[in-house]
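Shown next, in structure tokens, is the structure this report addresses.
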Amino acid sequence: MLTTLVTCLSELQDAACAAIAAATALKELEALDAQYLGRKGALAQCMGAMKGLSAADKPALGKVANDAKAVVTAALETRRATLLDAADAQSLAQDALDVTLPGRARVQGGAHPLAQTLREMLDIFQRLGFAIEEGPEIEDEWHNFDALNIPASHPARDVQDTFFINAAPAADPRAGRFILRTHTSPVQARVMQQTTPPLRFVAPGRVYRNERIDASHYTIFHQVEGLYVDRAVSFAQLKGTLLDFAHAYYGPQVKLRFRPGYFPFTEPSAEVDITCSVCSGRGCSVCKQTGWVEILGAGMVHPNVFRAVGYDPDAVTGFAFGMGVERIAMLKYGIDDIRLFYENDLRFLTQFA
Ligand code: DAH
């Protein structure tokens, strides 16, 4: 009886160890654990047969059974550790982080080319001693036209050029209707009304015209207005200031040319050209083969403008100028279509970032 049981235990141990070694999953191991070592498992059943043994044989079988249990338990543990290691290694391999993968570059923003141009222009004028002033984009007819010696009959006041605001007129009947300012020149009148001379400032800002849109015209654009008023401001000072600006902005090789012009708010008035910065004056499509391009209007402040704002035209003189920011930028960078500034196409914008 004892021998049979010992053989049974040894076979059981061998079978268990073989099955454990062959197991490929932790679940399988748990099942084998229950099958051999569980309360109703093979080992327990074998021990159940101990009841029939003599008191003398019992301890001998007990030892064999305990040894078999220890061997199977150890085999289970070893195999469990091996399978756990393998599972760890697999999940590590699966979740591996490839540190050689390049990161995602952050897209860096930049100032709009018009903002950059304006900043550069204002920097130059500030170095020349000009303050910076601003006025409203919704303006009244008096500041935009009347104060600047532009009479009610002037064609510029036509609805074809001016956007009128659909609102009740200003409380002051002299102010007329509200409009979107068609130039930055009304800032001249506003600042002079609030200040006593001398004064020297530039006024940057957006202006609006009811224009047919094409490569060189847009309904919105920007201007920089300049005004210098003192006791004896001269046309020579105007020329010097504009030449300094052109050299600082376009470079020392640029030449300036003053042509007689007409603006109601200046007398005398001039239209000012620079040597074409695209072809260096040799002649190209931008300058229509002339080598010159117009960049601004300027002149000596008209006595009627001084009168309108309450200055004595016999006591002070002044010069004024106005230039288009888009045009200045187009000439500097060789941009051939004003609409590019307003389409926000990143292929255009990133060239200036
Ligand atoms: N306001 C003019 C325009 O929009 C530009 C201009 C010309 C401004 C002569 C001036 C100036 O101050 O003196 O066309």
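Quick check: anything in the range 84-98 surrounded by 11 or more Cβ atoms within 10 Å (Cβ to Cβ) and touching a residue at least 40 places away in the same chain (Cβ under 8 Å)? Yes, the conditions are met somewhere in the range 84-98. Annotation note: Cβ proximity below 7 Å between a residue of the range 295-314 that is of a type in the set (Phe, Trp, Tyr) and a residue that is within 13 Å of the ligand (Cβ to nearest atom) (sequence gap 6+ or interchain) occurs for Tyr311/Met192. Candidates are the residues of the range 106-132 that are more than 27 Å from the chain's Cα centre (by Cα) and part of a loop (DSSP other than H, G, I, E, B); the one that is nearest to Arg209 (Cα to Cα) is Phe130.
Being within 15 Å of the ligand (Cβ to nearest atom), within 21 Å of Thr184 (Cβ to Cβ) and over 34 Å from the mean Cα position of the chain (by Cα) is not true of Val325. In this structure, Ile335 does satisfy being more than 30 Å from Asn149 (Cα to Cα) and in contact with a helix residue (DSSP H, G or I) (Cβ under 7 Å, 6 or more places away or on another chain). Could you identify the single residue in Tyr262, Tyr228 that is without any contact (Cβ under 8 Å) to a residue 40 or more places away in the chain and either within 16 Å of the ligand (Cβ to nearest atom) or not assigned by TED's automatic domain parsing to the domain that holds Met192 (or both)? After applying the criteria, what remains is Tyr262. Exactly one residue out of Arg206, Arg212, Arg190, Arg174 is assigned to a loop (DSSP other than H, G, I, E, B) and of a type in the set (Lys, Arg), and it is Arg212. Select from the range 135-191 the residues that are within 13 Å of the ligand (Cβ to nearest atom) and either over 21 Å from Gly324 (Cα atoms) or touching a residue at least 60 places away in the same chain (Cβ under 8 Å) (or both) and list them in ascending order. Listed by number, the residues that qualify are Gly135, Ala147, Leu148, Asn149, Ile150, His154, His183, Thr184, Ser185, Gln188, Ala189.
The values are calculated or read from the model by the stated rules, or taken from the named source; none is laboratory data. Note that the coordinates shown come from a computational prediction; the quantities given were computed from them, not determined experimentally. Neighbour counts run over all protein chains shown; Cβ positions are idealised from the backbone, glycine included.
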